[in-house]
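The values are calculated or read from the model by the stated rules, or taken from the named source; none is laboratory data. Computed from a predicted structure; not experimentally measured. All Cβ positions, even for glycine, are placed from backbone atoms using ideal geometry, and neighbour counts span all protein chains on display.
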Amino acid sequence: MKVAAEVCPKCEGTGWRPITNGADRRVTRCDCRLQERSQALLAAARIPKRYEHCELSNFEFEGPHRDLAPARMAACRFVEEYPIENTGLLFVGGVGVGKTHLAVGIIKELIASKGIPCLFYDYRELLKQIQNSYNQSVQATELEVLRPVFETEVLVLDELGAVKPTQWVWDTVSLVLNTRYNDNRTTVITTNFENLKERDRPHSNASSQSSEAARHSNDRETLGDRITERMRSRLLEMCRTVNVQGGDFRQTLRSASFR
């Protein structure tokens, strides 16, 4: 037996609800349609299942995680000020400190509260999809892969620099970032690589460190090493840098599971 679809009592299925203010009568979009739009935008945002639970409201920033409070504050301020202030954010920090959680929380809040179209892409997955488009057996073309990346209002590019740099990788990241920069579109980025210039790279003092530690410090790559110094400089124009400092949440969870 066919069940009739539930009809919204506020708008009776029209999508518009009346507003009366004295003699002034008009209509406005019903909440049911706004909710439908948010659900559609959320489904199109490509948020991985691993991060579906991430919200700004459940990001831990108190007690042992209080060092993360400034990063969460920056994320909340970004949502509040958008789109009046549309400069992106570059979250820089070590593995497992919550950079992706904050980035996903931002786009989920933009979708829910402001109806902003957003898109999430893991940097490695994006490059892989572009490479796959060169295979004749794959239906999607490079332009079809890149068009939503170019055109979405807010893009989250997760783990920038995670792929070993080659000329093709450099050219591709340059195309993505320059296109969005020229179109004045907002990009939120996470990276594990320090946002330093080559001349600002910390040099080890052999007298105060072991030779092994000194080599590690000198060999540590920066974001400029991974995406070129030119593109790193472009990011400074596109985004405000937010340093995310704290312990590895994943390591904390693993340790707790053995107690």
Being in contact with a Ser or Thr (Cβ under 8 Å, 6 or more places away or on another chain), modelled with pLDDT under 95 and among the basic types (Lys, Arg) narrows it down to one of 26, 17, 33, 66, so name that one.
17
Condition check: assigned to a loop (DSSP other than H, G, I, E, B), at pLDDT below 75, surrounded by 10 or more Cβ atoms within 10 Å (Cβ to Cβ) and of a type outside the set (S, T, N, Q). Does residue 10 satisfy that?
yes
From the list 69, 74, exactly one residue is assigned to a helix (DSSP H, G or I), free of Cβ contacts under 8 Å to residues at least 12 places away in the same chain and either of a type outside the set (S, T, N, Q) or buried (at least 19 other Cβ atoms within 10 Å of the Cβ) (or both). Which is it?
69
Cβ pairs under 9 Å, 6+ apart or interchain, first in the stretch 226-242 and assigned to a strand (DSSP E or B) and crowded, with 19+ Cβ neighbours inside 10 Å, second at pLDDT 95 or above and small (Gly, Ala, Ser), ordered by first then second residue, are 239/88; 242/71; 242/74; 242/75; 242/93
Just the residues that are of a type outside the set (A, V, I, L, M), at pLDDT 95 or above and either more than 22 Å from residue 80 (Cα to Cα) or not in a loop (DSSP other than H, G, I, E, B) (or both), please, taken from the stretch 36-63.
46, 48, 49, 50, 51
May I ask you to say which residue of 122, 171, 183, 158 is surrounded by 20 or more Cβ atoms within 10 Å (Cβ to Cβ) and acidic (Asp, Glu)?
158
Of all helices (runs of 4 or more DSSP H) completely enclosed by the stretch 83-176, which ones contain at least 1 residues that are at pLDDT 95 or above and at positive phi?
none
